[in-house]
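One structure is given here, and the rest of the page talks about it.
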Amino acid sequence: MTSKKWVPYLLLAPGALWLAIFFLTPMFNLGATSLYDPSGSLESGYVMNGHVGNYADALSEYWPQFLRSFTFAAIATVLALVIAYPLAYAIALKAGKWKNILLVLVIAPFFTSFLLRTLAWTAILGDNSSFVHFLQNIHILPEGGRILATPFAVVMGLTYNFLPFMTLPLFTSLEKVDSRLIEAAGDLYSKPFTGFRRVVLPLSMPGVVAGTLLTFIPASGDYINAQLLGGIKNTTMIGNVIDRAFLERGAYPTAAALSFVLMAAIVILVASYVKRAGTDELV
Amino acid sequence: MTWIRKNIIMIVGLLVLFYMFIPVFVVIALSFNEPKSRLTYTFDKFTFDNWLHPCSGAEAMCPSVMVSLKIGLLSTLGATILGTLMAYALMRYRFRGKGVANVLLFLPMASPEVVMGSSLLTLFVSASFPLGFWTILIAHIMFCLSFVVVTVKARLAGMDPRLEQAAMDLYANEWQTFRRITLPLLAPGIASAALLSFSLSFDDFIVTNFNSGSTVTFPMFVWGSAQRGIPPQVNVIGAAVFLIALAIVVLGQIIGARKRKALAA
C-alpha cells in the first residue's frame, strides 16, 4: 500500500482541516481576544493592545471560583471512581453471558438528556421531596436542613453525570485482566483483598488514569450542575462565570482570559498527572 | 450469608446500576404528570395527555425538537463520514505526521466544553459570521469527529487485516477492497459511531449555547424553561428519546448475536 503516498493525506484532509479551522484557530482567537483592551465592546469593536492586565484582573477577581471548580471536580472524580469501580469489575469479571446486556444498561441512562436527568435530581433532592423528608426524619439531616442549593448537591450531580466516562475505561482495562491471575494469587494463599490490591488494581491502572481524566476535565468546566443544583452562594463554578461574562455581560476580553486560564490549568494538571501515573508504577 | 459474601461485587454493581437509572425513572414518571402549577416539579396527578398531545401546552418545544433532530442528523452524517476516513487512514497507512493527527484528534476530547464553545464564539464574532443553525452544525461536527474516529479505530483494530490482504492478492484494487471487504466488516463500528454522534449532538447544551444566536435547540428550550417552569411534555421527549435509543441498541445486539450464530453454524 506504499505505492500511493498521498492517499492517507487525502483521507485525513477533510477532517483534519475541519479541526484545524474550527478547533485550533478558535484557540488562537481566544488567546488574541484575551489581550484586547477591555474598554471596548461588541458594538464599538475592540482594540488589540496586548492588555495582559486582563489575566491579572480575571484571576484576582475569580480565583475562588477557579479553586472551587477544581475542588468540586476532584471530589466528584474520586467519588465516581469509588462508585464505578465495583460496577466495572462486576461487568468485566463476574457477569459472564450477561456482560453485553449490562454494558448496554450502563450506557442506557445517558440516552436521556443530560439536562433532564439533572432536573430530575432537583425533583429528588428538592426541599419538599420524600427523600429529604426521610433524611430529616431519621435525623441525618437537621429539621429544615436542605440538600438542593448546597455544594453537596452540585458535587453529587457532577459525580452522577460523568459516571459512564469513568465506568467504560475501567471496564475496558478490567476486561483484559486474565482471571487466572486472580486464581493464581488465591492459590498462593493471598487473601481476596490482597489479591485484588496486588494483582487486579495495578493491571487496571490505565483504566483508572483514563477514567479519572475523562471525568475530571468535563466536571471542572461544567456549569449546568452548579446552575441547576446549586444555590446563589458557595456553588458558583468557573464555567458559570465564563458563560455569564460572554453571554450576559459581553465582557469578551475578561471572559476569554478566564477561558484560556482554565484550558491552560487543565493541560498542566493533565500533563503532570499522566507523567506521574506513567513513571511511578502506581502501586 | 455466604451467598451475599460470594456475590458482594455483583450486588454492589447492580446497586450502582440502579442508582444510574433513578433520574431516568423520574423523567419517565414526570412524563405522565399533570402538575398543579407550572412552577411545581413534583408528581401531582397521573395523565396520558402529555404523551397524546406532546406539542400542545408548550408551543416552542416541538419546533426546537425539530431543530435538534435536523442538526443531529446532519452533524452525524458529516462527522461519521469525515471520521471514518480519518480512522481508516490512521489504522491502515504509515505516513509522516500521524502523531500530529492523533494529537489534533485527542485535544477536543480533552478540552472542557466551555472552552471549546467560547473560543468558537470568538472566531465567529471576529469573522462576523452570523450565529445560528449553521454555526451550531459546524460546532457539532467538530466535537463529534474525535469520538467517531476513536470508535471506528477500535473496530478496525479488531479486524483481521489478512482479509484485506487476501482481497488484494486476488487483484482487487484499494477502492474495491475498501468497498467490498472493509466497509461491510466495519459497518457495526460505523453504526455505533453514528449513534454516539447523534446522542452527543442531540444532547449538547454548553457548546450550542455559545454559538446558537437566536436558534433554539431542544436542550436550550429545556434550559430556558428551567427558569420559568418546566412543561411536563419536555419529559415525554426525554423518555421517548431514551426508549428509541434503547430499542436501537438492543436491536443491534440481537442482530449481532444472530450474525455470530449464523457464522458459527
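If you find the alpha carbon centre of the stretch B:138-207 and of the stretch A:185-260, how far apart are they in angstrom? Distance between centres, Cα-based: 29 Å. For chain B, the longest principal axis of the C-alpha atoms and the axis of helix B:8-31 are separated by about 50°. With labels modelled as points extended 7 Å from the Cα through the Cβ direction, what inter-label distance (nm, one decimal) is found for B:ALA191 paired with A:ALA56? Reported label-point gap for B:ALA191 and A:ALA56 is 6.1 nm. If a/c stays under 1.5 just call it rounded; otherwise compare a/b with b/c (prolate if a/b is bigger, oblate if not). Do that for the stretch A:62-279, with a ≥ b ≥ c from the square roots of the Cα gyration tensor eigenvalues. It is oblate, given that a/c is not under 1.5 and a/b is not larger than b/c. If R0 is taken as 41 Å, the Cβ-Cβ distance between A:LYS233 and B:LYS259 corresponds to a FRET efficiency of 0.10. In terms of other Cβ atoms within 10 Å, B:CYS62, B:CYS55 run from fewest to most in the order B:CYS55, B:CYS62.
The mean number of partner chain beta-carbon atoms within 10 angstrom of a residue's beta-carbon across peptide B:11-18 is 6. Take each residue in B:84-91, count the other chain C-beta atoms within 10 Å of its C-beta, and the mean is 5. Take the Cβ-Cβ distance between B:ASN7 and B:MET159 as r, set R0 to 35 Å, and report the resulting FRET efficiency rounded to the nearest 0.05. Working from the Cβ atoms, E equals 0.45. Projected label points at B:ILE81 and B:LEU15, each 7 Å from Cα along the beta carbon direction, are separated by 5.1 nanometres. Short-range pairs are left out: with C-alpha atoms under 8 Å and at least six residues apart, the relative contact order of the stretch B:34-159 is 36 percent.
Helical content of the protein assembly as shown, expressed as a calculated mean residue ellipticity at 222 nm, amounts to -22500 deg cm²/dmol (DSSP H runs of 4 or more residues, -39,500 (n - 2.57) each, divided by residue number, nearest 500).
For the stretch A:101-149, what does the relative contact order come out to in percent, with C-alpha contacts under 8 Å and a separation of six or more?
Computed over the stretch A:101-149, the figure is 27 percent.
Oblate is the label for the stretch B:11-89. Its Cα gyration tensor axes, ordered a ≥ b ≥ c, give a/c of at least 1.5 and b/c at or above a/b. Where in the stretch A:199-224 does the label zone of B:ASN102 land, with the point 7 angstrom along Cα→C-beta and an amide N cut-off under 18 Å? Taking a point 7 Å out along Cα→Cβ of B:ASN102, the residues of the stretch A:199-224 whose backbone N falls under 18 Å are A:206-207, A:209-211. Short-range pairs are left out: with C-alpha atoms under 8 Å and at least six residues apart, the relative contact order of chain B is 33 percent.
Each of A:MET27, B:MET159 was scored by other Cβ atoms within 10 Å of its Cβ. Listed from fewest to most, they are B:MET159, A:MET27.
Residues B:MET109, B:MET86, B:MET20, arranged from fewest to most other Cβ atoms within 10 angstrom of their Cβ, appear as B:MET109, B:MET20, B:MET86.
Most tightly packed first, judged by the mean number of other beta-carbon atoms within 10 Å of their residues, the peptides A:167-180, A:53-66 read A:167-180, A:53-66.
Partner shielding of A:211-224 amounts to 3, given as the average count of beta-carbon atoms from other chains within 10 Å of each residue beta-carbon. Available extension along the chain between B:SER126 and B:LYS70 is 17.5 nm, counting 0.36 nm per residue and deducting the alpha carbon span. Whole-Hz Karplus values for the stretch B:248-264 come out as 4, 5, 4, 4, x, 4, 5, 4, x, 5, 4, 4, 4, 5, 4, 5, 6 Hz, taken residue by residue from phi with 6.51 cos²θ - 1.76 cosθ + 1.60 and θ = phi - 60°; glycine and proline positions read x. Between the beta carbons of B:PHE95 and A:MET205, assuming R0 = 30 Å, the FRET efficiency works out to 0.40 to the nearest 0.05.
Please work out whether chain B counts as rounded, prolate or oblate from its C-alpha gyration tensor, where a ≥ b ≥ c are the square roots of the eigenvalues and a/c under 1.5 means rounded, while otherwise a/b larger than b/c means prolate and anything else oblate? Cα axes put chain B in the oblate bin. Put the Cα centre of the stretch A:28-55 next to the Cα centre of the stretch A:95-174 and the gap is 41 Å. Evaluating 6.51 cos²θ - 1.76 cosθ + 1.60 at θ = phi - 60° for every residue in the stretch B:169-177, the Karplus couplings come out as 4, 8, 6, 7, 7, 4, 5, 4, 4 Hz, glycine and proline recorded as x.
In plain terms, the chain from A:GLU183 to A:LEU24 could stretch by 52.3 nm, reckoned as 0.36 nm per residue minus the Cα-Cα distance.
Any read-out appearing in this document is the output of simple, stated calculations on the displayed coordinates, not a laboratory observation. Everything quoted here is computed from the prediction, not taken from an experiment. Backbone-built Cβ (ideal geometry, glycine too); neighbour counts: all protein chains shown.
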